[in-house]
Amino acid sequence: MPRRLTTVVATAAMASALVLTGCGEESASTPSSVLSKVTVEGDDPEKAPTVEVEAPLDVTRTESEVVTEGDGATIAEDDLVSVQAILVNGTDGKVVANTWDESGAVGLDLSQADLFQSCKSQIPGKTVGSRVVIASTPQDAYGDTGNEALGITKDDPVVFVVDLKSATQVLDEAQGTAVDPKKGLPTVTMSPGEPATIEIPKGEKPPTTTVVQPLIEGEGPEVEEGQTVRVAYTGALWRNGEVFDSSANRPEQPWFEFPIGAGQVIKGWDEGLLGQKVGSRVLLVIPPADGYGDQGQGETIKGDDTLVFVVDILAAY
């Protein structure tokens with residue numbers, strides 16, 4: 001994979017605190033008196049608000065209330081939403097997670113089946129820029145398992161205070177205008193649901209500097225440093241065309257996300273995808289200096305291997 005094996009990703013840990021297990025039915029959205037027991041103070045979106053809960057809460061149905069109304073787009077039920085969030089155990093009133101202090105904004109894919117039902121039912125229809133309080137039943141949060149790491153049992157309701165930073169639709173594959181690649185580069189054949197077929201040009205030596213060749217120019221915004229990027233990809237070796245990795249080989253999650261410009265992927269990815277448009281399909285030819293270096297990677301990638309990737313940029317947030 002393009003991720004460095006030595007990197008520990010704090011955002012993944014925080015995102016996992018916002019995903020899992022709850023599978024209850026959608027609840028009504030008219031606030032009741034339980035939300036009056038939640039106090040949120042602070043209006044600086046760059047700082048965590050102060051959240052106080054008159055615990056214990058008796059949450060019999062999941063509900064939400066908008067604290068601050070945003071003026072952005074209305075969020076759809078299958079959007080990928082970037083949020084800052086505080087999670088509070090509704091039984092004892094203790095804060096158990098805080099993205100402002102721990103990881104920074106994280107992405108919630110509202111189309112994912114394993115996302116909290118409380119988020120799936122309460123966030124769609126809200127507007128970007130809003131601050132929302134969600135009081136969740138135990139079943140609509142961590143369900144029958146609870147979350148031992150956070151100190152939440154299967155019987156604990158959860159309060160979410162969520163700032164909705166952005167929302168975007170996620171593409172299934174690259175969409176845009178085809179671009180004729182330069183001569184002497186590998187050719188790419190795509191088959192739905194399968195790794196790309198990458199054919200290395202016979203008799204051609206690999207380039208000594210990274211080549212960034214759009215195959216499809218997307219119509220979305222340009223990828224900016226600091227964003228999290230979702231991609232689908234296939235990687236092959238220049239020396240023999242062998243595919244060593246592909247997101248298509250993981251049908252349960254046929255995509256990969258990373259914060260661009262943070263050094264959590266190889267240099268050829270960090271620099272090569274920066275500035276490309278969402279929806280693009282990009283061919284990256286990466287020499288060792290911008291890949292895994294002289295040490296290579298595992299048993300497959302040698303220290304002198306040039307890597308060839310075809311990457312679909314599905315979303316950036």
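The values are calculated or read from the model by the stated rules, or taken from the named source; none is laboratory data. All values derive from a computational prediction rather than experimental measurement. Note: ideal-geometry Cβ built from the backbone for every residue, glycine included; neighbour counts use all protein chains shown. Just so you know, the surface numbers come from the protein's heavy atoms only, side chains and all, with ligands and any DNA or RNA stripped out. Shrake-Rupley method; radii C 1.70, N 1.55, O 1.52, S 1.80 Å.
Which one is farthest from residue 176 (Cα to Cα), of the residues in the range 234-271 that are among the aromatic types (Phe, Trp, Tyr) and under 15 Å from the mean Cα position of the chain (by Cα)? Checking each candidate, the answer is 258. Give the range 218-233 a look and list any residue that's assigned to a strand (DSSP E or B) and surrounded by 18 or more Cβ atoms within 10 Å (Cβ to Cβ), or say none. Those that are assigned to a strand (DSSP E or B) and surrounded by 18 or more Cβ atoms within 10 Å (Cβ to Cβ): 218, 228, 229, 230, 231, 232, 233. Return yes or no: is residue 198 open to solvent by less than 40 Å² (accessible area, probe 1.4 Å), of a type in the set (Val, Ile, Thr) and under 28 Å from residue 45 (Cβ atoms)? For residue 198, the condition - open to solvent by less than 40 Å² (accessible area, probe 1.4 Å), of a type in the set (Val, Ile, Thr) and under 28 Å from residue 45 (Cβ atoms) - is not met. Evaluated against (1) modelled with pLDDT of 95 or more; (2) in contact with a Gly (Cβ under 8 Å, 6 or more places away or on another chain); (3) within 24 Å of residue 104 (Cβ to Cβ), residue 309 falls short on exactly one condition, (3).
Annotation: of all residues in the range 42-74 being over 13 Å from residue 95 (Cα atoms) and touching an Asp or Glu at 6+ places or on another chain (Cβ under 8 Å), the one that is most open to solvent (accessible area, probe 1.4 Å) is 56.
For residue 188, the criteria (1) closer than 30 Å to residue 41 by Cβ; (2) buried (at least 16 other Cβ atoms within 10 Å of the Cβ) hold in every case but one, which is (1).
Taking the criterion of being farther than 19 Å from residue 278 by Cα, surrounded by fewer than 17 Cβ atoms within 10 Å (Cβ to Cβ) and without any contact (Cβ under 8 Å) to a residue 24 or more places away in the chain, would at least one residue in the range 175-183 satisfy it? Give the steps one after another, and end with the answer.
Filtering the range 175-183 down to residues farther than 19 Å from residue 278 by Cα leaves 182-183.
The next check asks that each one be surrounded by fewer than 17 Cβ atoms within 10 Å (Cβ to Cβ); those that pass are 182-183.
The next check asks that each one be without any contact (Cβ under 8 Å) to a residue 24 or more places away in the chain; those that pass are 183.
Yes, the range 175-183 has at least one match.
Using the structure shown, decide if residue 248 is open to solvent by less than 30 Å² (accessible area, probe 1.4 Å), of a type outside the set (Phe, Trp, Tyr), in a helix (DSSP H, G or I) and at negative phi. Taking the combined requirement at face value, the residue satisfies it. Among residues of the range 103-150 being open to solvent by 30 Å² or more (accessible area, probe 1.4 Å) and among the basic types (Lys, Arg), the one that is nearest to residue 62 (Cα to Cα) is 120.
Note on the range 93-109: residues that are over 15 Å from residue 48 (Cβ atoms) and touching a residue at least 60 places away in the same chain (Cβ under 8 Å) total 3.
What about residue 282, is it of a type in the set (A, V, I, L, M, F, W, C), touching a Phe, Trp or Tyr at 6+ places or on another chain (Cβ under 7 Å) and assigned to a strand (DSSP E or B)?
No, not satisfied.
Of all the residues in the range 293-317, those that are open to solvent by 20 Å² or more (accessible area, probe 1.4 Å) and not small (Gly, Ala, Ser) number 8.
Could we say that residue 161 is within 26 Å of the chain's Cα centre (by Cα), of a type in the set (A, V, I, L, M, F, W, C) and surrounded by fewer than 18 Cβ atoms within 10 Å (Cβ to Cβ) here? Judged against the criteria, residue 161 is not a match.
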